[in-house]
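One structure is given here, and the rest of the page talks about it.
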Amino acid sequence: MTTPSSRRRRSPKDELLPLSDALEEIGISRATWYRWRNRGYGPEAKRTPSGRICVRRSVLDAFKDELEAA
């Protein structure tokens, strides 16, 4: 039998990252992200029901791979 302290919390495969974390990982400012978004560039972001802007981990990873290939 497992106790609560021995259980590990698993993170979902395709977790939602807050926009601030995604921008930090890419290395751009929020202003740059908004400029990119207006031009149709950058990782796709979604607004959650609570109003937060989030980016899926898979979308962010694909975008970073695209940046490295360029």
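What follows draws every value from the coordinates through simple rules; no lab data is involved. In this text the structure is predicted, and so the values were computed from the model without any measurement. Virtual Cβ from ideal backbone geometry, glycine too; neighbours counted across all protein chains shown.
Quick rundown of the values:
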{"read-out": "Contour excess over end-to-end distance, with Cα ends at A69 and R52 and 0.36 nm allotted per residue", "value": "3.1 nm"}
{"read-out": "Net length gained if the chain between S29 and E44 were fully extended (0.36 nm per residue, minus Cα distance)", "value": "3.8 nm"}
{"read-out": "Peptides ranked, highest mean first, by Cβ atoms within 10 Å: ranges 28-40, 54-66", "value": "54-66, 28-40"}
